[in-house]
Structure formats: C-alpha cells, structure tokens
Amino acid sequence: MAPAQGAPRRGRGGDHPAGLSGQAVKKLALILFLLICVAGGAAAFMYQRVRNPYRGYTETEQFVDIPSGSGTKAIGEHLVAAGVIRDQTTYRAALWLSGHARRLKAGEYRFDQPMTPIAVIDKIARGEVYLIPVTFPEGLTIAEMSKIFESHGLGPASAFVRASKDAELVRPIDPAARDLEGYLFPDTYPLSRHTDAARLVHLMVDRFHHVFTPEMMEAAAARGLTVRQAVTLASLVEKETARPDERPVISAVYQNRLRIGMALACDPTVIYALQLAGKYTGNLRREDLSVDSPYNTYRRPGLPPGPIAAPGRASMNAAVHPADADFLYFVSRNDGSHEFARTLEEHNRNVQKYQVQYFRDKRMAEGQANEEQPRTPDGRAGSTHRSSAKPKPSSKKPSRNRRHLR
C-alpha cells in the first residue's frame, strides 16, 4: 500500500533522515569522536608543551634582542632561533594562552635557566629587559665619561660628547652653561644596551637635579654663589681630595682665598686647561702653570669660568657648607691627606717637610737600594735570581694633588 500523500519518508535503515543509513551515521559519529580525541590529545600535548620548562641553548646564558617595531611573528623567530622556545607552534600556543600578543615589548632579554614558554612570554610582556650597571666615578670630565659610555657598548664616545652639549637641560639654573660639564651626576646607572647617549644624559642631569636640592641652592645663594659657581667650586674640591673629612676644609680654603682676592692656584684647573687644548701628557710641569687659559687659576683671579669635572654629593655639599676654618694653604702629605696652614710661613715649613724633604729622602732611599743590589758580571745592578716574568704595571692611582697650593 502506498504511503499517504504528505507522510514523511523513512530511510532504508529505519528512522533516519533521508539519504543516511544507520551505518553511515555510526561512521560519522566515530569520525567525530576520533577528531575530538585527536584534538583533545593535541590540545593536552600542547598544553604540556607551554607549561613545561625548556632550554635549547648550551651556553650559560642566552640573550635575545628584540628590535623596536618587531611583530609577534618576528619575535617568535628570535626566540626559537635562540633556543628559548622549542618551535613556532609552541610559541603561538603560548602567545594565545597568555593573551599578551599585543603587549610584547622591544629590548634585550637575558635567559639563563629553563623557562616555560608562558613564562617567556610573560617576561617579554612585562618588559623585563636586561640592564647593565654603568658606573661613572666622581670627578670625571665629559670626555672621560664618554669613554666609559663607549666601553659598555652603548655607542661611540662622540655620541655622548655630542649629547652633553645640550645645555638647555640646565638653562633654568645656569643660563651661562654652554655644555653639561659638572651637571652629569656621577653614579651607577642600570641601562639597557638600547639606551642612547641622549637618554643617558637626561638621566644624569635628572639625577643632578635630585641631588642638588633647593636647600643647597639657598645655601649657595646665602654665600653669594650662583648655582654655576657652587658647582664649579665643588668640582675643584672633588679633584683636590678623595677624603670626605677634608672636602669642607678645602672648600673653606678656596672661599677664604676668594674673599680676600687671593689666587686659587688650583692644579686641577691647569690640568683641565691643558686637556681642553690637547696638551696634557699626564704630568703637570712647572712651565704648565703659565698656560694662557681662563681655567688657569694661577694666572686668572677668582673661580674658573665653569666646572672642571662632575662633583659628587659630598663635594657639592662641602661647596655650600664649608668648614669653619681660616686656612689659606694646604699641601699633600703624599698619603692621600693634606696638611693645612694659616700663614705662608707655616705653609713653607709644611712644604719643606712633606714635599722637599720627603722626595729628597725618597731619592736617597732609592739610591741606597740600588747600591745594595748585587752586581752582574758586567757590573750592572741585578737581582740575586733570574726571572722571565715581566713586572706588573702599578694599579695605584696618581695623587689628585700633584703639587702644593701656593
């Protein structure tokens, strides 16, 4: 009997949609099940990949440099090539799971232990770039600082010198500044290798503004000093002594001399003048004291026209808070300290003791030592044993005070 018109048709296998037999439906269900199992297995496998620590490099540490403007694909290529992440598939999975695809930051990153891909992505998203500590000691000139800048691979020394000419950074406190000599605060700065000279110079000037406080400016003004004069005086103090206890006393000596119109006669200013002229050989000679330069405080009255180095906090504080002392002279004791005097007569006795007699005794002692050395067959002084080792160069720094203050 024919089915009634409009009644639903039955498939051959029973109650199934037209065209699909029961066997076909079972096969389709099996395929779907297998696909789900494979996908689930792959997902579980990949989940373990992104959660398990990995280290594919053999070096103690590995650096990955991500240039500015790099896309997520390029970043992944850098990480895989460096052995930080196993492969691109793992990287893409970690990136998707982390949700940081749009937060990755440029810079140099250091890896020194196994890390999960998720942790690697998180590190780059936080911008934990590798920083190197760059130390600029107190008492350096711009030229000397530029060599430190270059030695750390941050760029050519000339770039640092060029950036240090941006006097606008200190114009509000020093309208007469032509460069940043004295205003690049000596300190240790943690820097990335991508830090350029201009950025570093800004950091150093900002640090100066933080250290040279409004209180110091007020103290300088109370002594009749502009900021430039105070920093200049601090640079002289910095170059004359490394002893914290002597800095306020030396500051007092110079300010006492300024008050009575007496020449400062500061050797470091002459050295700076010779350095500017490219004539400094490492030793200050008597004839150098007559060099024609506005920085020569033997020939020119008052302070030099500007700072001769970068003073530290203690020297800046000493410049605006000198000791209550009436000394006018000081001379090196040849041990890093100085002997101070109020009168020229007293000073001359100190010079005789610590300079003239000291070096005379030293020469005599050296002469006696040479005479006591055993002689070689040809009559020359020699040692009692033979050695092929070359003498090690001395690491002792030269005294900051090469001469006595007149």
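All of the numbers you see were taken from the coordinates with simple rules; none came from a lab. All values reported here derive from a predicted model rather than from experimental measurement. Quick reminder, even Gly has a Cβ in these numbers, built from the backbone with ideal geometry, and neighbours come from all protein chains shown.
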About its Cα centre, how strong a charge dipole does the stretch 62-126 have in debye, to the nearest 20, once Lys and Arg get +1 and Asp and Glu get -1 at the Cβ? 260 debye
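To the nearest 20 debye, what is the magnitude of the charge dipole of the stretch 243-356 about its Cα centre, counting +1 on the Cβ of each Lys and Arg and -1 on the Cβ of each Asp and Glu?
Roughly 180 debye, rounded to the nearest 20.
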Between the stretch 78-106 and the stretch 279-356, how far is it from one alpha carbon centroid to the other, in angstrom? 60 Å
Neighbourhood net charge (12 Å Cβ-Cβ; Lys/Arg +1, Asp/Glu -1) for T116: +4
Hey, can you rank 354-362, 139-147 by average C-beta count inside 10 Å, highest first? 139-147, 354-362
Which of the peptides 69-75, 300-306 is most tightly packed, and how do the rest follow, judged by the mean count of other Cβ atoms within 10 Å per residue? 300-306, 69-75
Of K279/K362; K165/K239; K105/K147; K239/K279; K73/K123, which ones are farther than 26 Å apart at the Cα? K279/K362; K105/K147
So who's got an amide H within less than 5 Å of the one on V134, skipping anything under 5 residues away but keeping other chains? H placed 1.01 Å off N, in plane. Y189, L191
